[in-house]
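No lab work stands behind these numbers, since they all come straight from the coordinates. Remember, it's a predicted structure, so these values are computed and weren't measured experimentally. Counting neighbours? That spans all protein chains shown, and the Cβs are built from the backbone with ideal geometry, glycine included.
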Amino acid sequence: MTQPTFLSRRSPVYSKRGIVATSQPLATAAGIEILSKGGNAADAAVACAAALNVTEPTSTGIGGDMFALYFDSQTQQVTALNGSGRAPSALTLDRLKKENLPADELPPFHPHTITVPGACAGWCDLIEKHGSLSFTGIFAPAIRLAGEGFPVAPITAHFWARGADRQLKSALNGRELTIDGRAPKAGEIFRNPGLAKTLEVVAAKKAGGFYQGQIAESIVGVIKEAGGCLSEDDLASHVSTWESPISVDYRGYRVYECPPNGQGITALIALNILEGFDLALTPLSAEKQHLMIEVMRLAFADAKWHVADPAFSKIPIAELLSKEYADERRRLINTRHASRNILRGTPVASSNTVYLSVVDGTGNACSFINSNYMGFGTGIVPKGWGFTLQNRGHNFSLDPNHPNALAPNKRPYHTIIPAMVTRHPSPTGRGMAEGQGEGESLYASYGVMGGFMQPQGHVQVLSALVDNGLDPQSALDLPRFCIDVEESGGRVAVEEGMPKETMDALQKMGHPLYEVKGYERALFGRGQVILRDEFGVLCGGSDPRADGYAGSL
């Protein structure tokens, strides 16, 4: 790796035995504990996800959804797990009209935004397909944290206070995730016996203990009390799905994402277009930032229309990811001026998710993401169980002619996306880490959380790694941009630390910029990156915009 031009405030972490990178120190420690007991990347990823539910309920939990990509070092294959839930079977556009709800979008915390929580089934399916340890062992660290309590980290405390005021104070049973109605302060011990009980049930009974029985009854009961319509049958019939990942080549690497209903295709469209430019540029130069902004606008113009549940809509994935289509779209970019005529798909930014990455000592990798959406989701808590229910259904379109239109048993457009990158096979197998054979070898397990920031973060971080040769920590530390309004040519948020000369040049090109500082920098996502070189050495980094770190075994 070349010497970074942007100095990181942390050193990257190196190891051969395993690295875990999460947004919470105690969750990272949970993953390391599982690896030290002989667990693999799948075991450690689920242990981290459960621990993050305890330590960062402001972003994630068993009441939300998850997606994962898994690289198997023996087969050199990447598999994709879609752990997202579906709309209630009784929820229709006609029902919304009869209840006199707004015609353009659902209120953000309305009970009708609650889709079936897919995370629990996803956790269990990942363990059963790729894991090696018992459920009780994997969930033990999180159960211990929830029951005994843990000191809350500073950035988490800040956003917990925001969520306590925004959702928890008015949501049914929201006080369960507060201390006498207020958020815990940094360093204050928070205990969640209800969540400990939930995780104990899952550890003993697996997904069946969540989607049927007392937990399911409590979920349905509180939603009905709030005015929603999700049923016990909706929960009992839920399944997550194993799918073929989608991918593109980018400068000699193969970049994998989960297929729609996730928005990972947005990053792949952008990388295809970006590949046609020479990006041997300074990472924070105006020329490079301009190209990436323009590429993201084009990618979202397509993705915001096409990304939907493929069970309900035919999505032209092959066409959208073809190099010929990328050539056609690239011709729309003016290298000296911002676009003004992109009519569809410029996104709104939000941060409401946790992303984690685990690579074990044998080269298995799990790129894993879990979310409530909008922080605590709806803020509604099934009484006595210690977790909130997501509001992912807010992403449905209420336009009956839109591919992402709300319909019963349909998955919504989903913002959360993990990524995985491999090297192409070597003709001779030489130079590959032991055990890789002649198949694809792992290059990176990475992701950037944060609503519609995620594909933007995927592109910016991967370009820093591949085009600029930065190590994972330096790539994550670089200031970012985020396109954050829906109208064509809308504003671009730029993170504190972007050089003034770059911002001045971008504004002269026609980009409407504004700077974001302090805690609000969470807008730009919080990522984790683990690289694996040809000799099996791991190198990890964790985003400075969160409380976590990359830990090694």
Report summary line: Note, ILE143: beta-carbon cut-off 13 Å, +1 each Lys/Arg, -1 each Asp/Glu, net 0
Report task. Give me the net charge of ASP249's neighbourhood, meaning all other residues with Cβ under 9 Å from the Cβ of ASP249; Lys, Arg count +1, Asp, Glu -1. Result -> +2
Query raised in the report: Taking neighbour counts of Cβ atoms within 10 Å as a proxy for exposure, in what order, fewest first, do VAL201, VAL307 appear?
Result: VAL201, VAL307
**Report entry** Dimensionless Rg over Rh [the stretch 218-367; C-alpha; Kirkwood]
**Finding:** 1.06
Report task. Sum up the charges of everything whose Cβ sits under 9 Å from the Cβ of ALA153, counting Lys and Arg as +1 and Asp and Glu as -1, but leave ALA153 out. Result -> -2
Query raised in the report: Where a Cα-Cα gap under 25 Å defines reach, which lysines qualify for LYS16, not counting those fewer than 8 residues away within the same chain?
Result: LYS37, LYS129
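From Cα pairs below 8 angstrom and at least 6 apart in sequence, can you work out the relative contact order of the chain, rounded to a whole percent? Working shown, then result.
On the way: 1414 pairs, mean separation 143.3, N = 553.
For the chain, the relative contact order is 26 percent.
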Requested in this report: Once you have the Cα-Cα distance between SER313 and THR282, take 0.36 nm times their residue separation minus that, and quote the gain in nm to one decimal.
Outcome: 7.0 nm
Requested in this report: Take the stretch 54-180, drop everything but the C-alpha atoms, weight them equally and run the Debye formula without solvent; then report log10 I(q)/I(0) at 0.09, 0.17, 0.18 Å⁻¹ to two decimals.
Outcome: -0.40, -1.12, -1.18
Requested in this report: Would you mind telling me the antiparallel percentage of the DSSP bridges in the chain, rounded to 5?
Outcome: 90
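Quick check on my link table: of LYS169/LYS517; LYS224/LYS383; LYS205/LYS383; LYS97/LYS410; LYS169/LYS383; LYS98/LYS224, which ones sit more than 22 Å apart, alpha carbon to alpha carbon? Don't jump to the answer; show the numbers that get you there.
Numbers: LYS169/LYS517 27 Å; LYS224/LYS383 13 Å; LYS205/LYS383 20 Å; LYS97/LYS410 19 Å; LYS169/LYS383 15 Å; LYS98/LYS224 17 Å.
Pairs exceeding 22 Å: LYS169/LYS517.
For the stretch 64-125, what's the relative contact order in percent, using C-alpha pairs closer than 8 Å and at least 6 residues apart?
Numbers: 63 pairs, mean separation 25.8, N = 62.
For the stretch 64-125, the relative contact order is 42 percent.
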Query raised in the report: Using only helices, what value at 222 nm comes out for the chain when you add -39,500 (n - 2.57) per DSSP H run of length 4 or more and divide by the total residues, to the nearest 500 deg cm²/dmol?
Result: -9500 deg cm²/dmol
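Using the 10 angstrom Cβ neighbour count as an exposure proxy, how do GLU148, GLU534 rank, fewest first?
On the way: GLU148 10, GLU534 14.
Least to most surrounded, the residues fall as GLU148, GLU534.
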Report task. Report, ordered by chain and residue number, the lysines lying within cross-link reach of LYS323, taken as a straight Cα distance under 29 Å and ignoring same-chain residues fewer than 8 apart. Result -> LYS288, LYS304, LYS314
Report summary line: Exposure proxy check on LYS288, LYS314: fewest-to-most Cβ neighbours within 10 Å is LYS314, LYS288
Requested in this report: Work out the P(r) tail for the chain: percent of alpha carbon pairs separated by more than 47 Å, whole number.
Outcome: 6
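Please go through the stretch 519-553 and write out the chymotrypsin sites (Phe, Trp or Tyr not before Pro) that DSSP classes as loop and that have at most 14 other C-beta atoms within 10 Å. Write down the numbers at each step before the final one.
Working: sites: TYR519, PHE524, PHE535, TYR549; in loops: PHE535.
Counting only loop positions with at most 14 other Cβ atoms within 10 Å, the chymotrypsin sites (Phe, Trp or Tyr not before Pro) in the stretch 519-553 are PHE535.
By how many nm would the segment from GLU328 to ILE179 lengthen if fully extended, with 0.36 nm per residue of separation less the alpha-carbon distance? Show your work: numbers first, answer last.
Values: separation 149, 0.36 × 149 = 53.64 nm, distance 5.58 nm.
Computed gain between GLU328 and ILE179 is 48.1 nm.
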Query raised in the report: So what is the diffusion coefficient of the stretch 61-123 in µm² per second by Stokes-Einstein at 20 °C and 1.002 mPa s, using a Kirkwood Rh over Cα pairs?
Result: 152
**Report entry** Under 11 Å from the TRP305 label point (7 Å along Cα→beta-carbon), backbone N, the stretch 364-408
**Finding:** 403
